[in-house]
Amino acid sequence: MERAARGADVARGLEALPVPVRAPPPHGPAAFQYSPEHVTGAGEDIDPSEIVFPGCICPSASCTATTCSCLRHGENYNSLCINSLESETGYARPIFECNAMCQCSESCQNRVVQRGLQFQLEVFHTDKKGWGLRTLEFIPKGRFVCEYAGEVLGFKEACRRIQAQTPDDSNYIIAVREHLYNGQIMETYIDPTYIGNVGRFLNHSCEPNLFMVPVRIDSMVPKLALFAATDILAGQELSYDYSGRSHNLPGPKGDGEVLKEDRGVKKPCYCGAKSCISFLPFDSSLYPTPRKESCVKDSEFDS
């Protein structure tokens, strides 16, 4: 694994579009293996690339909710933009895209995330947050931007890796918890530290312009798809809320309050938003004791 040089395509030709690196430092981002999709990591037996869902048998090139088995929860997209995820039950409507077993065409309107990058993005070096990701062109509200892809880990391995980090290490591990209608919780742990995609360069913001949605295509392992929460102008940095609260669950009462004894263990937030709570979100469940807490991304979704 080699460092990405300035101006080089950090995606190494594996995406639909190149992702150049622009940075003042003499060297590019730290070395990692690029993968546009999830790969199986330690402690996880499920192969995220295995096709386990049956395909639809729609007679037309583009599927509709009235005939497609993949759209039994309703239409997912309208002109490539994601539809509202709200449902009458109070749970987010799950998203299933058509897959490799479906009889519809590659141009089917229910194939969006699987098409990969559709906008020109660039990795750049920020003043306080290390590396970041920005768009080089206008992105309309609701459009798919990129995935957050990496190694799919088991719970114990995710804990081991986080607990092995030093206070100076960047944490890329995200714990995604989907709250099901029957009270069960489905957990997915993704780590793009060593194997990942362009999503690993996204920084946190307390007022993000992206929101994350679990999207399933071939496997029960969800694609962590990031969509534009608002119109995004060319040159703007892309960001999402590490806690997953934007377009999902509201923060608990008093979420912005920080106890005096916790100020030494929480990492500061430099997002610059008016509503910034000063510290990055973290998930204490991956640590043996509260005193070992650090920056951990913890996204929760009702589905």
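The values are calculated or read from the model by the stated rules, or taken from the named source; none is laboratory data. Just so we're clear, the structure is a prediction, and the values are computed from it rather than from any experiment. Backbone-built Cβ (ideal geometry, glycine too); neighbour counts: all protein chains shown. The area values use the complete protein model at the heavy-atom level, side chains included, leaving out ligands, DNA and RNA. Shrake-Rupley method; radii C 1.70, N 1.55, O 1.52, S 1.80 Å.
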Taking strands (runs of 3 or more DSSP E) that do not extend beyond the range 137-218, which have at least 1 residues that are touching a strand residue (DSSP E or B) at 6+ places or on another chain (Cβ under 6 Å), open to solvent by less than 10 Å² (accessible area, probe 1.4 Å) and small (G, A, S)? 150-153, 174-179, 185-196
If T66 passes every condition in (1) free of Cβ contacts under 8 Å to residues at least 40 places away in the same chain; (2) in contact with a Pro (Cβ under 8 Å, 6 or more places away or on another chain) but one, which one does it miss? (2)
Checking C271 against (1) in a loop (DSSP other than H, G, I, E, B); (2) at pLDDT 85 or above; (3) out of contact with any Asp or Glu (no Cβ under 8 Å at 6 or more places or on another chain), only one condition comes out false. Which one? (3)
Residue among A16, A61, A65 that is in contact with an Asp or Glu (Cβ under 8 Å, 6 or more places away or on another chain) and farther than 29 Å from R161 by Cα: A65
Single residue of the range 16-31 satisfying the filter (under 16 Å from H125 (Cβ atoms) and touching a helix residue (DSSP H, G or I) at 6+ places or on another chain (Cβ under 9 Å)) that is modelled with the highest pLDDT: V19
Given (1) in contact with a Gly (Cβ under 8 Å, 6 or more places away or on another chain); (2) at pLDDT 95 or above; (3) open to solvent by 30 Å² or more (accessible area, probe 1.4 Å), index of the condition R245 fails: (2)
Pairs please, first residue from the range 185-200 and closer than 15 Å to A11 by Cα, second anywhere and open to solvent by 30 Å² or more (accessible area, probe 1.4 Å) and part of a helix (DSSP H, G or I), Cβ atoms under 8 Å, 6+ apart in sequence or on different chains. T193/R161
State which residue pairs qualify: first residue more than 11 Å from L226 (Cα to Cα) and in contact (Cβ under 8 Å) with a residue 12 or more places away in the chain and inside the range 128-150, second residue β-branched (V, I, T) and not in a strand (DSSP E or B) in any location, beta carbons under 6 Å apart, and separation of 6 or more residues or different chains. G132/T126; K141/T230
